[in-house]
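The values are calculated or read from the model by the stated rules, or taken from the named source; none is laboratory data. As the structure is a prediction and not an experimental result, all values here were calculated from the model. We place every Cβ from the backbone using ideal geometry, glycine too, and count neighbours over all the protein chains shown.
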Amino acid sequence: MKEEISKKIKNNLLNAEVIIHDNSHMHSGNRTNSHFVIVVISDEFKGMKIIERHRKIKSILENEFNNIHSISLKLFTTDDSKKDQNIEYVKCHKKK
């Protein structure tokens, strides 16, 4: 599922960097593919309010949103990601 999500975002946002953490194992019931943190860095977000960025990703992942219990979105422009110290932590802990 992570690969499908990443591919869909990259196919719909120019030069998007996508980092996905599957946190399903941290929740009861041994669910799989149920809890994700999705970080997207794309300059297509320039000039967009946070809610507009979220709507953009939701429209791209409309089918996936119906099948996932929890999605946390962290959406940045390249400039935002340079200012946000937490983004470096996320990048460093990216699972390969």
Failed condition for Val37, given (1) assigned to a strand (DSSP E or B); (2) modelled with pLDDT under 90; (3) buried (at least 18 other Cβ atoms within 10 Å of the Cβ) | (3)
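A quick yes/no check of all residues on (1) in a helix (DSSP H, G or I); (2) modelled with pLDDT of 80 or more:
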residue	(1), (2)
Lys8	yes, yes
Met48	no, yes
Ile51	yes, yes
Lys56	yes, yes
Lys74	no, yes
Ser81	yes, no
Glu88	yes, no
Lys91	yes, no
Lys95	no, no
